[in-house]
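The values are calculated or read from the model by the stated rules, or taken from the named source; none is laboratory data. Because the structure is a prediction, the values reported are computed rather than measured. Glycine gets a Cβ as well: all are built from the backbone with ideal geometry, and neighbour counts include every protein chain shown.
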Amino acid sequence: MAPRILVAFDESSQATAALHHALSTYPDAEIHVLHVSDPREWSGTEGMDGFYSDDAYKISQESAERLLEEAIDIAAEYDADVTTSTTIGKASSSIVRYAEENDVDHVVLGSHGRRGLSRFLLGSVAERVSRRSPGSVTIIREPEAKKVA
């Protein structure tokens, strides 16, 4: 049976690197791509001052759909199919819950997520997931930019 790999995916370059890593390292795996929308971030979204929760939800879902389409396009570069899913909640607990509920063998995620103060704290989501995941976890750091001599 092929291993089941979960990739946490957001708009960060680390998440994109994590997806590339999973697809290239586990070519025969069943890859799941999960995007978590955290309502606590909606109020910090540009242009969202004075929003209604229904509007924030709609915008977050549209953003998630675009991101998951990007993940599907990346998988196509590897001639791979991925299962995509989105959920709403706190990122770390949502990732762990998805892994538990879907018998995930391995989680791959970026070392730092999208935005906000938490991205500066050793990737607090990555740290929490690595402690609580039911299976092994690979944390991908963003590739360093090539140095110009």
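How many residues are under 11 Å from the mean Cα position of the chain (by Cα) and buried (at least 18 other Cβ atoms within 10 Å of the Cβ) if we restrict to region 85-98?
So the count comes out to 5.
For region 67-97, enumerate the residues that are more than 18 Å from PRO39 (Cα to Cα) and of a type outside the set (A, V, I, L, M, F, W, C).
Listed by number, the residues that qualify are GLU69, GLU70, ASP73, GLU77, TYR78, ASP79, ASP81, THR83, THR84.
What residue, among those in region 56-84 that are under 17 Å from ILE31 (Cα atoms) and in contact with a helix residue (DSSP H, G or I) (Cβ under 7 Å, 6 or more places away or on another chain), is surrounded by the fewest Cβ atoms within 10 Å (Cβ to Cβ)?
ASP81
Only residues that are in a loop (DSSP other than H, G, I, E, B) and modelled with pLDDT of 95 or more: list them for region 10-48, please.
TYR26, PRO27, ASP28, ALA29, listed by residue number.
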